[in-house]
1. If the limit is 28 Å between Cα atoms, which of 39/232; 201/253; 145/245; 148/248; 39/201; 148/253 go over it?
2. Per-residue accessible area for residue 123 at 1.4 Å probe radius, Å² rounded to 10?
3. What FRET efficiency comes out for the pair residue 254/residue 216, r = Cβ-Cβ distance, R0 = 22 Å, nearest 0.05?
4. Counting Lys +1, Arg +1, Asp -1, Glu -1, what net charge surrounds residue 30 among other residues with beta carbon under 14 Å of its beta carbon?
5. Which value, in debye to the nearest 20, gives the size of the charge dipole of region 159-238 about its Cα centre, when Lys and Arg are +1 and Asp and Glu are -1 at the Cβ?
6. Could you state how much accessible area residue 139 has, in square angstrom rounded to the nearest 10, with a 1.4 Å probe and all protein chains kept in place?
7. Return the ratio Rg/(2.2 N^0.38 Å) for region 148-190, where Rg is computed over Cα atoms only.
8. Go through 24, 186, 128 and list them by solvent-accessible area, largest first, probe radius 1.4 Å.
Amino acid sequence: MNIIQNILSFFLQEKVVGPVIILTVGIISIKLITSAMKKIITGGKKEFEIKRRNTIVELINNIIKYFIYIIIVIFILNIYGVDTKSIIASLGVAGVILGFALQSTVEDLISGISIIMDNYFVIGDIITYENFTGEVIEMGLKSTKIRKANGEVYVIANRNINSVINLSQHRAGIAINIPTAYEEKTEKVEKVLKDVLEEAKKLPNIYKESKYLGINEMNDSAINYAIMIYCKQDEQWQIKREVLKLIKLAYEKENIKIPYPQIEVHNGKKI
């Protein structure tokens with residue numbers, strides 16, 4: 001009986017029970033707080049948005065974990081009679097020194113979080129930064145990489161991104177002029193172009209608002225019929241090529257002439 005009492009007395013000592021309770025409470029706190037932070041940051045967001053914000057969740061959760069671990073250690077040391085006040089003071093001084101040393105890194109981290117949270121841009125967006133236009137190929141909490149069409153890659157520290165033009169968050173409007181011979185019947189040309197538009201709307205990334213505009217110009221050798229194509233900003237050049245191909249094929253099928261400049265030489269003879 002005395003042995004059991006001695007064992008119980010040992011395990012019920014503050015120096016034994018205290019650390020166990022503190023560790024248990026600390027671990028439970030970490031799980032509850034990190035779970036709550038994830039729900040707050042990613043709750044109600046779409047799948048692509050959740051993927052971006054998970055970077056922030058991971059960062060914040062790590063900060064929370066380390067912060068709680070430090071508190072756990074301080075409380076346990078306090079139970080064993082260690083002077084934790086001097087440790088806390090030392091941590092404060094070390095934190096200040098580290099903060100000054102890593103000031104630019106901290107600015108990058110805060111700016112990176114702001115970019116993601118405020119939805120400045122995402123990977124795959126076409127943006128313009130200081131006359132450099134390209135696709136965002138990598139986003140980190142310290143830097144962002146943009147790749148130009150010719151392959152050049154621009155690496156920007158996040159703290160320097162104070163304003164960008166995001167070309168992917170609005171649609172592009174492509175006005176296409178189609179030169180057509182004067183002798184072609186207007187009704188026939190308009191019907192062919194409207195049929196081409198209906199076919200073009202079946203292509204991916206073209207919006208249904210695309211429309212036939214009408215006769216745009218009457219030049220010396222051709223009438224310019226105009227259509228407007230609305231599409232994703234980063235797809236506009238490829239889509240323009242595809243629509244022009246459809247128009248060319250339709251004109252060939254319907255025997256509609258596309259005029260080209262011609263020069264008549266009379267060699268001094270009377271006309």
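The values are calculated or read from the model by the stated rules, or taken from the named source; none is laboratory data. This is a predicted model, so every value here is computed, not measured. FYI the Cβ positions are ideal-geometry reconstructions off the backbone, even for glycines, and counts take in every protein chain you see. For accessibility, only protein heavy atoms count, side chains too; no ligands or nucleic acids. Shrake-Rupley method; radii C 1.70, N 1.55, O 1.52, S 1.80 Å.
1. Among 39/232; 201/253; 145/245; 148/248; 39/201; 148/253, the Cα-Cα distance tops 28 Å for 39/232; 145/245; 148/248; 39/201; 148/253.
2. Surface accessible to solvent at residue 123 totals approximately 110 Å².
3. For R0 = 22 Å, the calculated efficiency reads 0.65.
4. +2
5. Using only the charged Cβ atoms, the result is roughly 500 debye.
6. 50 Å²
7. Dividing the Cα Rg of region 148-190 by 2.2 N^0.38 Å gives 2.32.
8. 24, 186, 128
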